[in-house]
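Structure, as C-alpha cells:
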Amino acid sequence: MWRYVLKRLAQAVPTVVGVVLITFVLFNVVGGSPAAMVLGQNAGARSLEEFDAARGYNKPLFFGRWTATRALEAVDFSDAPPSVRAQWGAGESGPLRLADGEALRIPFAFPLPEGETWRLTIEGRGTGFPRHGNKSGRFSTVWKKVFHGVENPEFRAEGGAVEIERVRLARGTRHVLDSQLVHYAGRLLRLDFGTSTSLNQPVGNLLRAGIGPSLALTVPILIVELAVSLALALLCAYRRGSWLDRGLVAVCVALMSVNYLVWIVIGQFVFAYKLGWFPVWGFESWRHLLLPAGIGVATGLGVNVRFYRTVLLEEMHHDYVKTAFAKGLGPGRVLFKHVLKNALGPVITNVALALPFLYTGSVLLESFFGIPGLGYLSLNAIHSSDVDVVRAVVLVGALLFTAANILADVALAWVDPRVQLS
Amino acid sequence: MTGHAVIREEAPGGVSFFREALRRVWAGGVSRGCLAVLAVFALAALWGEAANAWYAWRDVTPPWQAQELAARYLAPGAEHWLGTDGLGRDVFLRLVQGARIAFLTGVVSSLIAIPIGVLLGCLGGYFGGKTDDVVVWLSTTFAAIPGLLFVLAIAMVVGKGLLGVFLAIGLTTWVGVCRLIRAEVIQQKSRGYVRAARALGFSHGRILFRHILPNVIHVALVSFTLRFPAAIGTEVFLSFLGIGAQGEPSWGTMISSARLRLWQGMWWELAAVTVSIFAVVLAFNLLGDALRDALDPRLRTVQE
C-alpha cells in the first residue's frame, strides 16, 4: 500500500512541474510585468523599474547575461516617432548625425543606479565611428561599451561624421541563470507567494484569511449536495423507468440548463429581498450562509443526480442484486448495503475531485453575498490586475487538485479490493 | 490477395455507423424540437451578425445602442416586443445581439479547442510511447488547474474583450476532446483496417488522418454539442464580470444591468435573457444526450 502511495506521489511530480511552468508562461511570458497597469499611466520609468526589481520582472525570462531596462527605450531611427526623435535631438528623419568631435547625448529616463553593470550598443556607420567596434567592410558598424552605473559612457565621433541607426541599453544580470523562472521557482520552494499589489499584504496571509469563510460556505454545500443527490439517485435507480424516475431526470436536465448567474440573481432577489427570509449580504452569522449554500446545492444538483443515477444503474444490472432481492432482502438493505457499497468507487472519485473546489470557493456566490473568501479575493484581484494573488490561487488550486487525485486513487485502492495496486 | 479482399469488403456502400446514428437522432421528436430551437437562435445570431456588420459599415449607431430617454422602462408591447431597458434601448434587439455573441463564442472557442484536442489525441493515441507521454502530461497538467480560475486568469492576461474570452475557453477545454479522441484512436489502432493499411505500406500520416480520423471524428461532434452550452455559460459569466464583451450587448452584460433593474420591478429584460439561455442550453444538452446515446449505446442515459 505504501509503495502504491509513493508511486502515485512520484507520478504527480511532472504534473506539479507542468503547473508551475504553465502559470509561469501565462503570467510572466504572455502577461509580462503588470507594473504599468498597477502604477497607472503616469508612473515614471524609475518607479516602474523599481516595481519590476522588487518582483523579479526585471530579469530575463529563462536565462541570459543581459536583460532589458526601462532606463532607455531601444530606438531605431529609421522608424522612430517624432516624440522620440525630439528626445535625441535627431532632426526630422533618417539616422542621427554627429559631426566630427561631437559627443552623443543619451536621454536616460533616470540616472543609472550604482552597483549594476550596463551595456550600451550603438549601430551606425561613418568615418568617425570608433575603430575598435565590429568591422563590416571598411567601417565598423557596431560599437558596444560595458560600464558601471556611476560612469558615463562616452560616444564621440572622432575624425569624421557618424550616422547612428540604432541604440540599445541592456542591464547585466548577476549570472546566466539569474532569470524570472529561477526566481519564481525559488520563491515557490520557500513557500513565498509574493505580495499583493492592491492590498499591500503578503499573499500567504491573504490566502490564510480567506480559507475560513470559503470553507464555511463550501463544506456544507459539498456534504448536503452529496447526501441529497445520492438519495435522489437511489430513488431513481430503485424506481427506474417509472414516471418518478423520468420526471426526476427531466427536472435534472432542466436544472442543469438554468444559468448559474440566474440562480444567484433570482435566488437573492426572491428569497432575500422579496420574501426577506434570509439576509441579503454579509458574513456575520450562520444565517448569512444559508441562502448561498442552498443556491450552491441547487446549481450542482442536476449534474450530480444524473451522474450518480448512471453509476447506480450500472450496478443494478448485476446478478448479485437479483440474488439479494430473491433471498428476500428489503429494498433499503439491497440499495444501501449492496448496491451503494459496490458503487462507491465513482462516488469517491467524484467527491475527491470536488475537494479543490472547497478551497477556491465559489467566485460568484462569494461576491454576490459578500463572503470574504478566496473566490471573492480572486475576483477582486482580477479586477485590479493583482497578478501575484491570482497566480497563487491558481497554483494552490492546481496542487490541491493533484493531491485530491492521489487521494481518490489511494482511497479507491483502500476500499475496493478489486483494484490492482500494480 | 487477402489484403485486397478485406478492403473490398469494407469499402463499398451500406449505411455507415455514423449516418445510422444521425438518422436515429433525427427520428426522435425531442431532437427535432431541439434542432428547431437551435435553428431559430442560429438564424437570430446570423441576422444579428449581418445587422452588426451593416451598421458598422454605414458607421451609424445601431438601434440596440440608441438611447431614448423618453422610452425608458417600457413593458413589453407592440412597439418594443420585449420592452426597453433603463436607457430606453430595445431589449429584443439587444437579445439578438446577445445571441450573436453567444454563438460566436461557442463556434470560435470550439475552433480553437477541437483542433488542438483532436490533433494531440490522435498523435498520442496513434504513436504511443514518448509522444503519448508528452500528450498525457500536457493534458493532465491543464486538467489540474481549476477551470473557472484558469479561464479568469487567461482572460485577465489577454485583456478585456471577446478575444480573451475565446482564448480562455478554447485553451482550457481541449483536454476533454483530447482524452476521448486518444482513447478512441487506441481502440481503432488494433482494428483490421489499420493493420491492412499498414501492410500496404501507407505512411503514418495517411493512416492516421485518412483512415483512423474519419472513424473517431464523431467523438468531436458529440463533444461539440456538449461544450457549446458550457462555452455560452462561461461567456455569460465573463461578460457579466465585465471581462468579456465590451461595449456591445451580450447576455452576460444584460443580466448584469437587468439585475439592478429587477429590484425596481423591471423583470422583462432578465426574463428574456434567462429564457433564451435556458432554451439554447437545454436544446444543446438534450441533443448532446441523444447523439451520445445513438453513437455510444453503452452510455445510454435512459436505460430500459
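Laboratory data are not the source of any read-out in this text; all were calculated from the coordinates shown. Given the structure is predicted, the values throughout are model-derived calculations rather than measurements. Here the Cβ positions follow ideal geometry from the backbone for every residue, glycine too, while neighbour counts run over all protein chains shown.
Taking the square roots of five times each eigenvalue of the Cα gyration tensor of region B:180-234, the equivalent ellipsoid has semi-axes of 30, 10, 7 Å, listed largest first.
Taking all C-alpha pairs of region A:203-415, those more than 24 Å from each other amount to 52 percent.
Convex hull volume of the C-alpha atoms in region A:179-274, normalised per residue: 211 Å³. The calculated P(r) of region B:196-285, using every Cα pair and 5 Å bins from 0, goes 3, 12, 15, 14, 12, 8, 6, 6, 7, 5, 5, 3, 2, 1, 0 in percent. In the protein assembly as shown, the ratio of gyration radius to Kirkwood radius, Rg to Rh, stands at 1.03 when only Cα atoms are counted. Translational diffusion of region A:75-172 was estimated from the Stokes-Einstein equation, with Rh taken as the Kirkwood radius over Cα pairs; at 4 °C and 1.567 mPa s the coefficient is 93 µm²/s. Each of A:Leu39, A:Val224, A:Val311 was scored by the projection of its Cα onto the charge dipole of chain A, and the greatest displacement toward the positive side belongs to A:Val311; charges sit on the C-beta of Lys, Arg, Asp and Glu.
To the nearest 10 degrees, how steeply does helix A:374-383 sit against the main Cα axis of chain A, on a 0 to 90 scale? The helix A:374-383 is inclined about 30 degrees to chain A. Sorted largest first, the principal axis extents computed over the alpha-carbon atoms of chain A equal 111, 58, 35 Å. Taking N as the residue count of region A:248-315, its C-alpha radius of gyration divided by 2.2 N^0.38 Å amounts to 1.34. Report, in degrees rounded to the nearest 10, the 0 to 90 angle that the Cα long axis of helix A:243-257 makes with the longest principal axis of chain A. Helix A:243-257 and the main axis of chain A meet at about 10 degrees.
Charges were assigned to the Cβ only: +1 to each Lys and Arg, -1 to each Asp and Glu. The resulting dipole of region A:203-415 about its Cα centre is roughly 760 debye. For chain B, the membrane-span-like helix rule (DSSP H, alpha carbon extent of at least 18 Å along the helix axis, mean Kyte-Doolittle at least 1.6) picks out B:91-127; this says nothing about an actual membrane.
Placing unit charges on each Cβ (+1 for Lys and Arg, -1 for Asp and Glu) gives the protein assembly as shown a dipole about its Cα centre, and among B:Ile217, A:Val16, A:Val393 the Cα reaching farthest toward its positive end belongs to B:Ile217.
Cα centroids of region A:15-43 and region B:26-96: how far apart, whole angstrom? Centre-to-centre (Cα) distance: 39 Å.
The smallest convex shape that holds all Cα atoms of chain B, its convex hull, gives 182 Å³ per residue.
Non-local lysine pairs in chain A, meaning eight or more places apart or on different chains, with alpha-carbon distances under 18 Å, amount to 5. Put a dot 7 Å past the Cα of A:Glu154, heading toward its Cβ, do the same for A:Gln41, and the two dots end up 4.2 nm apart.
Within region A:165-215, the trypsin sites (Lys or Arg not before Pro) that combine a DSSP coil assignment with at most 10 other C-beta atoms in a 10 angstrom radius are A:Arg174, A:Arg190.
As a test of the formula, what do you get for the protein assembly as shown when each DSSP H run with n ≥ 4 contributes -39,500 (n - 2.57) and the sum is divided by the residue count, at 222 nm and rounded to the nearest 500 deg cm²/dmol? Estimated from H runs of four or more residues: -20000 deg cm²/dmol.
Shielding value for A:248-261 is 5, the average number of Cβ atoms from other chains within 10 Å of each residue's Cβ. Relative to the Cα centre, the charge distribution of region A:75-172, modelled as +1 at Lys and Arg Cβ and -1 at Asp and Glu Cβ, gives a dipole magnitude of about 320 debye. The reciprocal of the average 1/r between distinct C-alpha atoms defines the Kirkwood hydrodynamic radius, which for region A:171-233 equals 15.5 Å.
Shielding of peptide A:394-407 by partners, expressed as the average count of other chain Cβ atoms within 10 Å per residue Cβ, is 3. The Rg/Rh ratio for region A:369-409, using Cα coordinates for both the radius of gyration and the Kirkwood hydrodynamic radius, is 1.12. Compactness of region A:324-398 is given as radius of gyration and Dmax, 20.6, 65 Å, from Cα positions.
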